[in-house]
1. Of the residues that make up segment A:405-421, is at least one buried (at least 22 other Cβ atoms within 10 Å of the Cβ), hydroxyl-bearing (Ser, Thr, Tyr) and assigned to a loop (DSSP other than H, G, I, E, B)?
2. Quick one: in segment B:482-521, which of the residues that are in a helix (DSSP H, G or I) and in contact with a Pro (Cβ under 6 Å, 6 or more places away or on another chain) is nearest to the other protein chains (Cβ to nearest Cβ)?
3. Mind listing whichever residues of segment B:397-439 are assigned to a loop (DSSP other than H, G, I, E, B), at negative phi and of a type outside the set (A, V, I, L, M)?
4. Which of (1) surrounded by fewer than 21 Cβ atoms within 10 Å (Cβ to Cβ); (2) under 24 Å from B:Ser75 (Cα atoms) does B:Asn217 not meet, given it meets every other one?
5. What number goes with the only condition from (1) in contact with a Gly (Cβ under 8 Å, 6 or more places away or on another chain); (2) free of Cβ contacts under 8 Å to residues at least 60 places away in the same chain that B:Ser159 does not pass?
6. Can you pull out the residues in segment B:427-449 that are within 14 Å of another protein chain (Cβ to nearest Cβ) and over 23 Å from the mean Cα position of the chain (by Cα)?
7. In segment A:382-432, what residues are modelled with pLDDT of 95 or more and either β-branched (Val, Ile, Thr) or not assigned by TED's automatic domain parsing to the domain that holds A:Ser134 (or both)?
Amino acid sequence: MFIEAKYPLEGKPSPPNAVWPHPQQITISNDVLYIRPHDLKIDSNIRSCDIIAKAIQRYEPIFFPPKLAMIYHRPVVVINDSVTLVDSPRFQHRGVMLDTARHFLPVSIIKKNLDVMSYNKLNVFHWHIVDDQSFPFQSTTFPNLSRTGAFTPDHVYTPADVSDVIEHARLRGIRVIPDIDTPGHTYSWRKAMPELITVCWANGKPNQAIYGVQGEMEMFNPLKPRVYSTMDALLRENSIFSNFRPIAKVWTKCMINVARLSNPAITQWMIDNNINSSVGLHTFYANRILNITRNIDVTPIVWQDVWDEKVELPPGTIIQVWKDSSDNSAFGSWAAYLNQAANEGYNVILSSPWYVNYISYGKYNTNTSVMNLEFFKYYEVEPLRGFTGSDEAKKRILGGEACLWAEFVDGTNLLARLWPKASAVAERLWSAASVNNSEDAQFRLDVHRCRLLRRGIPAQPILNGYCGNYEVGMARSMVNDPAFNYEDGSPTESTTIDPSAFALRIGNSKIYYVLYINSFIFFVLGL
Amino acid sequence: MRSSALLLVLLAVVSHSHGKRPRDPLNSFYVQATVGQPWPQPQAIHTTPQQYGVHPAAFHFLVNQTSQTCDLLTSALDRYYKLIFYPYSYLNYILDPESVIDEIKDKPKKTLFDLRDTPLLKRLNVYIQEPCEQYPTLESDESYTIVVTSDSAVLEAVSIWGAIRGLETFSHLIYPDDNLGLAINQTTIIDFPRFQHRGLLLDTSRHFISIKTLKINLEAMSNSKMNVFHFHIVDDQSFPYESRSFPDLSGAGAYNQDHVYSQEDIASLIEFARQRGIRVVVEFDSPGHTQSWGRVIDILTHCYSGGKPNNEFGPMDPSRNSTFNFLKKMFSEVATVFPDHYVHLGGDEVDFDCWRSNPDVQAFMKQMGFGNDYSLLEQYYMQKVVDIVGSTGKGYAVWQEIIDNNVTVKADTVVEVWKDPYPDELARVTKLGYRTLLSTCWYLNYISYGKDWVNYYKCDPHNFAGTDAQKKLVVGGEACMWGEFIDATNVITTTWPRAATVAERLWSAANVTDPNAATPRLEEHRCRYLRRGIPAAPVNGPSYCDFEFNR
């Protein structure tokens, strides 16, 4: 509940049951019904779908929280007498990227984060699973990678952990896309596979680190055939994920700085093959990796660098636009990028304006109030701003991702730092373009943030005020309640229950056209 | 490609470890923690590679027969024993002394049989010179020495507070070790704080913070030897303090009746702080920042527009005697509830518009001969308030505006500087002869991306042009965590370990200033917080801790 005596905010206060993200169509009557737990039956007419069955189970403690009586002072929830809802997403790809290499994220936190994603109808978990700093992914083909590349033997994702995460996501309608970043960001591979990594030279000597210029060894060496056989095997293993994403990066000075005599073998090879720039070397590598994907049933997603360097991409390749993520509000050029790439026939997803790891303080403006700049900044992005192509090209703009790089994030602060900021991105990607009044939306988001707290998510505040009696540390807090938490190393059990078609009727409320299991979430109201 | 561009080339920080934990010296992509190094850095520390094992079945604290002792010492020894040997259960234990130790998770990594050929540290002898004070004060002595040699160690302190600081350091010296389970090195420490007042402000009005979370924060403070909790308890937005004399204040001014601090809550918080040598300095800010006070009790100025009251309220109304009668009762209650000598009276950011609009205030201005100068009215108000509080026997701390506005205050007043440029402000306030606190450069709520603690670390309260006498008047500083975007979801992770860098600036010697040298120690300190159950966030870029936070 927003409280600000002195400097009231612009915008329309929100009812306590405002839906987030805002549906395409919603009509709500003013009368309310009181519902006791035994009055409500949720059923489905599809008998063979475990996703629905599990969702019904899962939403029970959400409709009727474990400490409900204490929360509401009486054991009921309230719903508007008549609700009609027609809903569908504006964009197909609505993602969150987490980085588990700069800091390790325990599986319990990853699963809890998938829960919050589903409360916001986000449907892609982009898992940046390895990087220079560590290799926590335990490969079945190459177990030495994590054995030597993880921070410690405790800081790994076993195959069981990975299936657990994928199953948890599947039950929430979320795709998991692994991100095995190459040719750069591969320092953590070096102990298991030193021959893959380029040795950096200086002053005629190998293994020379120069502060701020090069490490002693870094990046894949594109001349080594084993690079490609390894990637082939690893990508086949990873096709258990929904897609994959080789990430290309411009070669550093370590490899091509002739003046410093860095790696002479590569320099010589480039001369021999008439390749005279880093771009040429990069193209050589990217082509070979993309060729691998042609033989495996996966769709490659590449960071935009690959396209920048004019590498020929297989049909269906998705380009992720990340550049121009400066912290000021001049997001001019990503729009041009989307425009051009979509018009040239590529699928694109946007993340430039949504690097949510770049935190900043809400500016104190004494004329209005404390504004939550972070929310405004992420919410006021319009992916199709300045788009000029055909309708067909427009469809190639698949959506976007909020990226939380983990230099300063781990299990201690992930949930509070990401939520409800990523909810702003979620509404932008789900709701109609016309839902764009951030002054109003901040009130709805404040309500949504309290909803997340009720579901045990420690989402941080966006406005002054309070959230009822279930805040963190209070006796009725859900944040540590077993209903909303997971133990590390105890997987989500799969189910064989198969109820069928699905209808949700509460009093006179008719809910039509439930496209998405997460549409359930709206009906617990805070009083 | 992304935020990591700078971090890829992080310094290859050489670990200052004296323990035996193997690390990869070539890996320069993440920060490596020290092993067994205290935070904040002691004034003098000497260690050798000689290691001793430490085992719960073979170690005990011993109070020297000639030492002073008291309940504070007994409970501190009990606490530190659990902190050292049962870190997993420790936080639950201090929040709820009835809770049980998790024998499985806290099981020693080595048995005594494993350690049969290892020299063990068997006891820490504690010796305190002077009888215990009941509460810490601005003048308390916190110095101590620790000597760890052979199978016994000695901790000596002038006061109980020094002994508590020394126990904290002792707990930092003990580190997890692959071969010994827990180990400590031969060490000599002579230590004392550079500044007396090492504070942290939390704001419980913009958002409520539960007593439990406040206690976790006090524990985190004592882990970094901070000794003043500045409790900004009420403000415009809410009034969670449940007053004995005026229960309506929180009755109408709290967010709801679960978002209040009862007298019992306050007492338990003060006791929790006292056991850690932490003073609780409460702030009742006035005349501005008081909207939440006036919902039932008519003490605020009625604002006018077009010659009529417009139902809006301004600062406290100084034109009415009833305002001061109320404040007399209120502050005499505060004086009995909060034992510290100091009460913080606020006095910042007074808005004159409403005073200007009110005909009674205008008439009062005329009567007093203030003309049109409303700062004289502010001065009049604050003068009355400081006199009221002074008459209760208390001293007071104030934000710098009071002094900027020429209010006459008692000689022992502590003035808190929060404006920029702070070197000028410090020079000006100390020149007037007041004890001074710095907080300008330590507004931790202003978050930004990256290793922002380096800025806090570089800010020095003696960085101003002044005489030695002026420098001596600077009694310390405070890290401030204002609550606009902070509540119990993020207060601990946003405050810690960033506030610990302020703690080191205020405790350690003036020449301990190199952030690169501090980084690996800070990294160890963060992991130490995690091991003790406190979710301190990563602040140094990529890294890991043996115990990651997964709750």
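1. Checked segment A:405-421: at least one residue is buried (at least 22 other Cβ atoms within 10 Å of the Cβ), hydroxyl-bearing (Ser, Thr, Tyr) and assigned to a loop (DSSP other than H, G, I, E, B).
2. Kept after step one, since they are in a helix (DSSP H, G or I), are these residues of segment B:482-521: B:491-495, B:498-507, B:515-521.
Imposing the further condition that a residue be in contact with a Pro (Cβ under 6 Å, 6 or more places away or on another chain) reduces the set to B:492-493, B:503-504, B:507.
On the way: B:Ile492: 8, B:Thr493: 4, B:Ala503: 19, B:Glu504: 20, B:Trp507: 24 Å.
Residue satisfying both the conditions and the ranking: B:Thr493.
3. Let us first name the residues in segment B:397-439 that are assigned to a loop (DSSP other than H, G, I, E, B), namely B:400, B:405-413, B:418-421, B:432-434, B:439.
Those left that are additionally at negative phi: B:400, B:405, B:407-413, B:418-421, B:432, B:434, B:439.
The answer is B:Gln400, B:Asn405, B:Thr408, B:Lys410, B:Asp412, B:Thr413, B:Trp418, B:Lys419, B:Asp420, B:Pro421, B:Tyr434, B:Ser439.
4. Single failed check for B:Asn217: (1).
5. The single condition B:Ser159 does not satisfy is (1).
6. Matches in segment B:427-449: B:Tyr449 only.
7. Once the filter is applied, which keeps residues that are modelled with pLDDT of 95 or more and either β-branched (Val, Ile, Thr) or not assigned by TED's automatic domain parsing to the domain that holds A:Ser134 (or both), segment A:382-432 yields A:Ile397, A:Val409, A:Thr412, A:Val425.
Yes/no matrix, rows are residues, columns are (1) among the hydrophobic types (A, V, I, L, M, F, W, C); (2) within 24 Å of A:Ile397 (Cβ to Cβ):
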{"site": "A:Ile275", "(1), (2)": "yes, no"}
{"site": "A:Asn291", "(1), (2)": "no, no"}
{"site": "A:Asn295", "(1), (2)": "no, no"}
{"site": "A:Trp303", "(1), (2)": "yes, yes"}
{"site": "A:Val306", "(1), (2)": "yes, yes"}
{"site": "A:Glu312", "(1), (2)": "no, yes"}
{"site": "A:Pro315", "(1), (2)": "no, yes"}
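The values are calculated or read from the model by the stated rules, or taken from the named source; none is laboratory data. Given the structure is predicted, the values throughout are model-derived calculations rather than measurements. Heads up, the Cβs are rebuilt from the backbone with ideal geometry, glycines too, and the neighbour counts pull from every protein chain shown.
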